[in-house]
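The structure appears below as structure tokens.
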Amino acid sequence: MSQCQPVDAGLSRSATFLVFSILPTDSSIQSVRSVLSNVPDIAKNISIRDVNANLTCVVGIGSQVWDRLVRLPRPAELHPFPEVRGAKQTAVSTPGDILFHIRSERRDMCFELERQLMDQLGGNVRLEDQTVGFRYFDARDLLGFVDGTANPVGTAAISDAVIIPESDNGGDATAVGGSYVVIQKYLHNLKAWKALSTEQQEAIIGRTKSDNIELDDADDGQQQAHKTLATIEDAAGNEHDVLRDNMPFGSPSTGQFGTYFIAYSRKLWVVEKMMERMFIGHPPGLHDRILDFSTPVTGSTFFVPSLNTLTALGDDD
Ligand code: HEM
Ligand SMILES: *[C@@H]1O[C@H](CO)[C@@H](O)[C@H](O)[C@H]1NC(C)=O
Ligand SMILES: *[C@@H]1O[C@H](CO)[C@@H](O)[C@H](O)[C@H]1NC(C)=O
């Protein structure tokens, strides 16, 4: 089994999310290829300065640049993030060739990894977005709810939800040991959210606020809570999990409050189905009411190749 990148590192105290486009010249593509193959080594060199800080970095590669950058068959489901136009909000699709998801217990370790990456990437990339997330008390988002509870727990369950297995890969050999990852940066209207009662907020999320207990689903045909809209069952009644590592970000003095959504999955269609149910609604018209208070300003899809595929990127140059 090919080793995977550290997608299962879990929620940390600090995280940095970096999305770049690569300049389209052959020399830029070649330089970036070589930097990416070094990322596990760069991360290791910094992480040994304090192993307890659990520094990790996951690299994702976008659909548009895949063929030129990776030069291996494209993972079967990989395509750009599809815009989802709902009545209330649109899930926008924004550019991004590479994603770095940096996590650590220490903010300075995330900073150092970002610094060394930038030294090496130089002028070969254009920054699309940089977001610094932090843990807010007991892993709450800035809406005040504990975020991440329904994630799969334990190595086997995480791997089952996230990592593309050797078996049943349908000839999708480059994808084995890899994962799809979808990101969206949301800004919250906290003033409007705080004008709701706690009961109204709980009905929107589908969990109680203080002790994080799951509430019953609404009746069929009624407006469903976020946790219900984001639960995906196939025709056979099997539930399909994803792994979310959302982080709060923002700055009270500038009035910016947000959630950086990030979900890993071995099946891209599962995350896309969640988006449709949230933005279009289920039934259509009854969208996720989180979207009455939150606006996505980015949306991109990447593939996270196995560690072997990543480190082999620099081989031929
Ligand atoms: C403003 C953005 C968002 C916020 C603040 C948010 C917050 C939350 C919270 C508080 C929960 C309940 C606790 C938990 O199980 O983690 C939750 C559950 C969940 N969310 Fe989100 N979420 C956001 C966007 C999304 C998006 C865009 C998706 C997928 C496309 C998504 C997928 C899920 C899933 C799968 C669950 C677990 C459902 C279950 O099985 O109970 N969320 N979210
Ligand atoms: C990691 O550190 C070693 C020893 O200092 C050095 O030789 C190597 O070039 C470093 N690798 C990276 C990718 O920075
Ligand atoms: C760091 O990672 C190890 C191994 O995965 C884990 O047992 C430990 O709890 C993590 N430390 C922190 C502070 O999260």
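Full extension of the chain between Gln120 and Thr198 gives 23.3 nm of extra length, using 0.36 nm per residue less the Cα-Cα distance. Extension gain, Asn45-Ala173: 0.36 nm per intervening residue step, less the Cα-Cα distance, totals 43.0 nm. When the chain is described by a simple charge dipole with +1 on each Lys and Arg Cβ and -1 on each Asp and Glu Cβ, the residue from Ser93, Tyr180, Phe257 located farthest towards its positive end is Phe257. Around the amide H of Gly281, modelled in the peptide plane, lie the amide H atoms of Asp288, all under 5 Å away and 5 or more residues distant in sequence or on another chain. Here region 263-317 is treated with +1 on each Lys and Arg Cβ and -1 on each Asp and Glu Cβ, and its dipole about the Cα centre works out to around 400 debye.
Note on region 5-50: dipole from Cβ charges, positive end direction compared against Asn38, Ser27, Gly10; the farthest Cα belongs to Gly10.
Accessible surface calculations at 1.4 Å, restricted to protein heavy atoms, place region 178-217 at 50 Å² per residue.
Extension gain, Gln30 to Arg135: 0.36 nm times the residue separation minus the Cα-Cα distance gives 34.2 nm.
How large is the dipole of the chain about the Cα centre if only Lys and Arg carry +1 and Asp and Glu carry -1, each at its Cβ, rounded to the nearest 20 debye? Present the calculation step by step, with values, prior to reporting the outcome.
Working: 28 positive and 42 negative charges, 196 e Å.
The calculation lands at about 940 debye.
Taking the Cα centre of region 51-103 as reference, the dipole from Cβ charges on Lys and Arg (+1) and Asp and Glu (-1) amounts to some 60 debye. Of the residues Gly133, Trp269, Ser159, the one whose Cα sits farthest towards the positive end of the charge dipole of region 14-314 is Gly133 (charges of +1 on Lys and Arg Cβ, -1 on Asp and Glu Cβ, taken about the Cα centre). Any chance you could give the angle, 0 to 90 degrees and rounded to 10, that helix 107-121 forms with the longest Cα principal axis of the chain? So the helix axis and the longest Cα principal axis differ by about 50 degrees.
Sorting 154-166, 101-113 by their mean Cβ neighbour count within 10 Å, with the most densely packed peptide first, gives 101-113, 154-166.
Loop-located trypsin sites (Lys or Arg not before Pro) across region 112-184 with a Cβ neighbour count of 15 or fewer within 10 Å are Arg135, with loop assigned by DSSP.
The H on the amide N of Glu128, modeled in the peptide plane, is under 5 Å from the matching H of Val19, Phe20, Ser21, each at least 5 residues off or on a different chain.
The values are calculated or read from the model by the stated rules, or taken from the named source; none is laboratory data. Since the structure is predicted, the reported quantities are computational estimates derived from the model, not experimental observations. Please note: Cβ atoms are built from the backbone with ideal geometry, for glycine as well, and neighbour counts cover all protein chains shown. Quick note on the areas: whole protein, heavy atoms, side chains included, nothing else; ligands and nucleic acids left out. Shrake-Rupley method; radii C 1.70, N 1.55, O 1.52, S 1.80 Å.
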